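Below is one structure, written out as structure tokens; the observations come after it.
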Amino acid sequence: MRHRLADSSDLELAARARQLTQRVQTLTQTRHDAVDTATAELRRIERDLHDGAQARLVALGMSLRAAERMFATNPEAALALVTEARETSSRALTDLRDLVRGIYPPVLADRGLADAVRALVLDTPLHTELDLDLSNEVEMPVAAAVYFAVAEALANAVQHSGARTVRIHLGHSAGLLRAQVTDDGAGGADPARGTGLAGVERRLATFDGILAISSPPGGPTIVAIEVPCALSSAKTSSC
Amino acid sequence: MRVVIGEDLFLLREGLVRLLSAHGFEIVAAVATAPELLAALVDEHPDVGIVDVRLPPTHTDDGLRAALRARAQVPGLPVLVLSQYVEQLYARELLADQAGGVGYLLKDRVFNDDQFTAAIRTVAAGGTVLDPEVVRKLLNRRSRDAPLTRLTAREREVLARMAEGRSNAAIAQRLFVTEKAVSKHAAGIFAKLDLALSDDDNRRVLAVLAYLES
């Protein structure tokens, strides 16, 4: 009797050890991916700033300096340079705005995931049905990952599927935050092609989230996203 | 004209005060937080409030919320909302009460002081002014719809300007055509979109926006 007890607890321990080993492997991989993604993202931001707003600010300073020199001798040319400088500053702001949207969409920062997806739908040139069922607020890092996943799926539907209608469901159920983007387009979407959804998938994996695509020829295309509530919600118990 | 300004960044707040004072506006209050803004709008009853979307305390959309609350307490209180970015979602919330006296512009539109002060006067007079960027997004969203595809390129151009809240005179000046040509285009647009044409500028812009948002 005692022997058998020891046996079963040995088995349990071994199973537990295997689970833990697997968990460590997953965490090592997703952490590695997360660091890679973050580094690539910072590089992209640095490059966008360097080639965009920074370059425009240099041009702006140069225009203003030239205007300063010409002010006394050729006021008309100076005025033209000042006008040019004003236009350059507007373009620098546009560059910065686009950059900020890519880092963290303003409505997501202001209002959270539900309104951010509403705003996304308003900017989409397709008939889009939105079904929201969020029982509580989603924590920011997860909200951002899910937002960009939905945005990517929606962009694919607009650009590639030839769909007329898109349906987005976003809600909490059975301990999961789920998002589903369904379009009535031609289907045949190949997740291996293009890096958009692969990047989204890596980002979701950091939160033990998954992304699955079903896109048979003839459609419909369904992109499904799931993230465990334990990692996505401030109040884990009620999710 | 009495103006209340809500802007948390000192440089921009002072810049707006200076710019508007130079154009003869009377600044009755220039505040830096949403609670102060709401109090100033409701207590001072300005001819127009100029409001930054993002304000303390939470540094999210507190300014927008304060403007909406002020309009709930004082119906039709004219507000011109400024932001570093424009969102259709926020434009809808501002336009929802259909009371007019609403503006929503990108902050860098301030650079063109003639257009900016014209926008302030339009809003103060109960009109509607929308940033071309919002209108571009609105039109883009409906670009595949049949009625809009029936418009000529020039009609689409006129439609966009109407949605921005511009008068026939302003549209004519912008497109280098006569006012009469603009009203002819407007009639064509309203017929193709099956809308009732109105001479009232604000009713017209609300009709156009209601159509585009539907």
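What the table below lists for this structure:
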quantity	calculated
Selected residue (criterion: surrounded by the most Cβ atoms within 10 Å (Cβ to Cβ)) from residues of the range B:129-149 that are closer than 21 Å to A:G162 by Cα and touching a helix residue (DSSP H, G or I) at 6+ places or on another chain (Cβ under 9 Å)	B:L138
Selected residue (criterion: surrounded by the fewest Cβ atoms within 10 Å (Cβ to Cβ)) from residues of the range A:78-129 that are more than 10 Å from chain B (Cβ to nearest Cβ) and not in a helix (DSSP H, G or I)	A:E129
Out of A:T206, A:T195, A:T182, A:T221, sole residue that is modelled with pLDDT under 95 and in contact with a strand residue (DSSP E or B) (Cβ under 9 Å, 6 or more places away or on another chain)	A:T221
Enumeration of residues in the range A:197-213 that are among the β-branched types (V, I, T) and buried (at least 20 other Cβ atoms within 10 Å of the Cβ)	A:V200, A:T206
Condition check for A:E68: of a type outside the set (A, V, I, L, M, F, W, C), assigned to a strand (DSSP E or B) and either more than 22 Å from B:Y85 (Cα to Cα) or away from chain B (no Cβ under 14 Å) (or both)	no
Strands (runs of 3 or more DSSP E) fully within the range B:65-136 counting 1 or more residues that are within 14 Å of another protein chain (Cβ to nearest Cβ) and among the polar types (S, T, N, Q)	B:79-83
Test: residue in the range B:73-82 that is under 21 Å from A:P105 (Cβ atoms) and either assigned by TED's automatic domain parsing to the domain that holds B:A163 or in contact with a Ser or Thr (Cβ under 8 Å, 6 or more places away or on another chain) (or both)	no
Pairs with Cβ under 8 Å, 6+ apart, first in the range B:177-193 and without any contact (Cβ under 8 Å) to a residue 24 or more places away in the chain and assigned by TED's automatic domain parsing to the domain that holds B:A146, second part of a helix (DSSP H, G or I) and not β-branched (V, I, T)	B:T178/B:A172; B:E179/B:N168; B:E179/B:A169; B:E179/B:A172; B:A181/B:A172; B:S183/B:N168; B:F190/B:A207
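The values are calculated or read from the model by the stated rules, or taken from the named source; none is laboratory data. Not measured: the values here are computed from a predicted model. Glycine also receives a Cβ, built like all others from the backbone with ideal geometry; neighbour counts cover every protein chain displayed.
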